[in-house]
Each structure stands twice: as structure tokens, then as C-alpha cells.
Amino acid sequence: MKPKIFIDGEHGTTGLQIRTLLAERSDLDIISVPVERRKETEARAEYLNAADIAILCLPDDAARESVSLIDNDTTRVIDASTAHRIADGWDYGFAEMDKGQSGRIAAAKRVANPGCWPQGPIATLRPLIDAGLLPADFPVTINGITGYSGGGRTMIEDYEAQGKNACEFLPYGLSLQHKHIPEIRTYGRLARDPMLQPAIGNFAQGMITIVPLQLGTLDHVPSGAQLHAALADHYAAIAGSVVEVAPYEQVERVPDIDPERYNGTNRMKLHVFANDKRAQALLIAVYDNLGKGASGAAVQNLGLMIGKGF
Ligand SMILES: NC(=O)C1=CN([C@@H]2O[C@H](COP(=O)(O)OP(=O)(O)OC[C@H]3O[C@@H](n4cnc5c(N)ncnc54)[C@H](OP(=O)(O)O)[C@@H]3O)[C@@H](O)[C@H]2O)C=CC1
Ligand SMILES: CC(=O)N[C@@H](CCC(=O)OP(=O)(O)O)C(=O)O
């Protein structure tokens, strides 16, 4: 029997993309609530309980409500919202995070899909902390830029109405309490809150995260080559990883470091740059906020949960 998949919120930005990614899959039975009933509790409860896997593409409160509507032991959940990312009983849906994670996702009943901002910083920082090259209490700052689709349907409509007049680089998160900080701290294995300073660009999708490292205060200053080797070794050991590490090079510009470079894919490319004499380094991740950052990661996790691998 084909697994029954229900996408709660299938008409939103993330839901529509997942629907499109799954459109050609003959191995799945996609069940859809009639559009006019999509916000009716009774209808959602019926579909949630009929599904083998429910993918929640909803605001946080609606995602919590969906989970509370499941009254059977069989429906498994992938939640794309922020609601359950550090909650007990949930496995974090970043399969390449460590060697055991894809197995944990494959066996999980509840998977919290990562946020778009956390994935790049976790992908670059966690292996370096695990390798002992950075201490867990290292003061981390994260910069970056995302396409406006990261803000969902309302932000997309707003930017598209403004067209070329919209701001090209809009820093936000200025109250320094972005909702992704707990998630980055937890899965990045950081002992203190990172500072996240995001920006929105006037393009629909794609993103870059940048972690600058001032290494000079450390007792043991890792070289750029050591940082790069630790990342390369980590991802080489993860079979099927969609996260790649670019060769280590010292250059001024790399054309691949374009936020839109991997749009429409679930790929993520990591880059390490360093100036050893200055004891400074940069960790950069390039990916699609709607791909590896949202729908692509959800489809990757779905594949693991139904035993199809990455
Ligand atoms: N966009 C992104 O880059 C990413 C988003 N996410 C997360 O995914 C989730 C969805 O985000 P996104 O797709 O961007 O948001 P959208 O606003 O584009 O879509 C949300 C969808 O949920 C529907 N909805 C809202 N409330 C209810 C409800 N009570 N019952 C049923 N349906 C409801 C909305 O319907 P209607 O439009 O009719 O109100 C809409 O179709 C969010 O939690 C977001 O944080 C995760 C990673 C990346
Ligand atoms: C541009 C923009 O507003 N982006 C969103 C992140 C969207 C996202 O992917 O995060 P969640 O899945 O956790 O919602 C923000 O910074 O809050």
C-alpha cells in the first residue's frame, strides 16, 4: 500500500512547493482537504488521522493545533514550522547534522524540519565544535541574506507589489531575538546564544549565511586548512549528503557564492576562507531557503521516513 501523505497548509509557500516536488511521485498517495475546508478543524482532524505522514506547512499555532488533533498512534508528522524544533519527543530534520541523524529521522514519529536560517550556521559550526577546533562557548555572530519568500505569502505579495522599488538589502531581526536563535544554539552545540543578524534581499528565493570567526583569542588557533578539513571529513562520512564542501582556496570572489545559485534544489554548498596570519576565518553556506531550507528538506525527510533514503 502506498503511504498516504497529507500536506496541512498545502496552499501556502512551503506547502505548494512540497506539492510540486511530490507531483510526479507514483509511490505516494497524496490526500488533499478541499480548499474551502482547509481551515476547518473537523476536516483537518479527519485528514491528519487518515494520513501515514502529515507534513505541516502552517503558522506555529496552527501546527501545534494540528498535532493536538492527531488521536491515533500511526500518523507520523513532519512539521515545517518553528513550533517543535527544540521540543521533547521531536527529532530534528537536518539529516546531515551528524552520522546518526538520518537513521533517527527514518525511525521518528515526529520530525521538526529545520528553519531556513539555522541550517547554514549549524552545518558549518557543529562539526568544528565536535572536532574540538572551536570551543562551545565561542562568541558566534551570523550574518546573511535571504530571498523575500522566507517571509511567506504576505511578504511575497508585499515585495512583488513594490517590484524594483523594494529595498535591495534590508537588515532585520534588529531586536536581536530572532525565533531561530534557540534552534541554532541547541543543534549548533553552542554554549551561548549566537547573534543572528539577517537581511532580506529583493529577490524571491535563495540565501547565504556567513559566520565570521575572530580566532585570535583562542589558546589553540585552528588554521583555515584545519577548519576546512574538519568540514570536508564530516560531510564525506555522511552517505548521500546533499551538503557539499567547496575546495579550500584563497581568493577575493567566488561566483558560486550567489544566494540564488542553488534555487530549486535541496543542495547546500559550504565554503571556508581564512587568513591565518590574522587568525580570521569565514564560514559561508549557500542554499535555497525554500529548498534545503524548507520544502526540499521536508521531502528529503519524507524519503527517509518511508525508507527511500535521501
Ligand atoms: N518560507 C520559508 O522560507 C520557510 C517557511 N517555513 C515555515 O513553514 C510554515 C509555513 O510557512 P510559509 O509556507 O512560508 O507560510 P505561508 O503564509 O505562505 O503559508 C501558510 C499556509 O497556512 C495556511 N493556514 C494558516 N492558518 C491556518 C489554519 N489555522 N489552518 C489551516 N491552514 C492555515 C495559510 O492559509 P491562508 O493563506 O489562506 O491564510 C497558508 O496557506 C511556517 O511555520 C514557516 O515558519 C519553514 C522554512 C522556510
Ligand atoms: C525573510 C523572513 O522573514 N524569514 C523568516 C524565516 C523563515 C523561515 O524559514 O523560518 P521558519 O521556518 O522558522 O519560519 C524569518 O526570518 O523569520
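The values are calculated or read from the model by the stated rules, or taken from the named source; none is laboratory data. Every value quoted in this text rests on a predicted model; they were computed, and no experiment measured them. So basically every Cβ, Gly included, is an ideal-geometry build from the backbone, and we count neighbours across all protein chains shown.
For this structure, a couple of remarks:
- Residue identified as within 16 Å of ligand 2 (Cβ to nearest atom), touching a residue at least 40 places away in the same chain (Cβ under 8 Å) and touching a Cys at 6+ places or on another chain (Cβ under 9 Å) among 62, 123, 80: 80
- Of all residues making up region 126-143, the number that are within 16 Å of ligand 2 (Cβ to nearest atom) and in contact with a helix residue (DSSP H, G or I) (Cβ under 7 Å, 6 or more places away or on another chain): 1
- Take the conditions (1) more than 15 Å from residue 206 (Cβ to Cβ); (2) more than 16 Å from ligand 2 (Cβ to nearest atom); residue 299 misses just one of them, which is (2).
- Number of residues in region 185-209 that are in contact with a Gly (Cβ under 8 Å, 6 or more places away or on another chain) and farther than 18 Å from residue 136 by Cα equals 12.
For (1) in a helix (DSSP H, G or I); (2) surrounded by 12 or more Cβ atoms within 10 Å (Cβ to Cβ); (3) in contact with a Lys or Arg (Cβ under 6 Å, 6 or more places away or on another chain), each residue gets a yes or a no:
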{"residue": "145", "(1), (2), (3)": "no, yes, no"}
{"residue": "154", "(1), (2), (3)": "yes, no, no"}
{"residue": "158", "(1), (2), (3)": "yes, yes, no"}
{"residue": "161", "(1), (2), (3)": "yes, no, no"}
{"residue": "167", "(1), (2), (3)": "no, yes, no"}
{"residue": "189", "(1), (2), (3)": "no, yes, yes"}
{"residue": "193", "(1), (2), (3)": "no, yes, yes"}
{"residue": "204", "(1), (2), (3)": "no, yes, no"}
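- Checking each residue in region 156-173 for being under 21 Å from the mean Cα position of the chain (by Cα) and more than 11 Å from ligand 2 (Cβ to nearest atom) picks out only 171.
- Condition met for residue 104 (without any contact (Cβ under 8 Å) to a residue 60 or more places away in the chain, more than 16 Å from ligand 2 (Cβ to nearest atom) and within 25 Å of residue 285 (Cβ to Cβ)): yes
- Residue match in region 287-305 (condition: assigned to a loop (DSSP other than H, G, I, E, B) and without any contact (Cβ under 8 Å) to a residue 60 or more places away in the chain): no
- Annotation: residue 134 fulfils all but one of (1) surrounded by 20 or more Cβ atoms within 10 Å (Cβ to Cβ); (2) farther than 18 Å from residue 272 by Cβ; (3) in contact with a Leu (Cβ under 9 Å, 6 or more places away or on another chain); the unmet one is (2).
- Selection within region 84-132 - out of contact with any His (no Cβ under 8 Å at 6 or more places or on another chain), in a loop (DSSP other than H, G, I, E, B) and among the aliphatic types (A, V, I, L, M): 86, 87, 95, 97, 108
- Among the conditions (1) within 11 Å of ligand 2 (Cβ to nearest atom); (2) farther than 19 Å from residue 287 by Cβ, the only one that residue 180 does not satisfy is (2).
- Looking across region 11-27, the residues that are surrounded by 22 or more Cβ atoms within 10 Å (Cβ to Cβ) and either touching a strand residue (DSSP E or B) at 6+ places or on another chain (Cβ under 7 Å) or modelled with pLDDT of 95 or more (or both) come down to 15, 18.
- Residue match in region 87-99 (condition: within 16 Å of ligand 2 (Cβ to nearest atom), of a type in the set (D, E, K, R) and under 19 Å from the mean Cα position of the chain (by Cα)): no
- Checked against the criterion of being away from ligand 1 (no atom under 16 Å from the Cβ), in contact with a helix residue (DSSP H, G or I) (Cβ under 8 Å, 6 or more places away or on another chain) and not polar (S, T, N, Q), the candidates 219, 193 yield just one match: 193.
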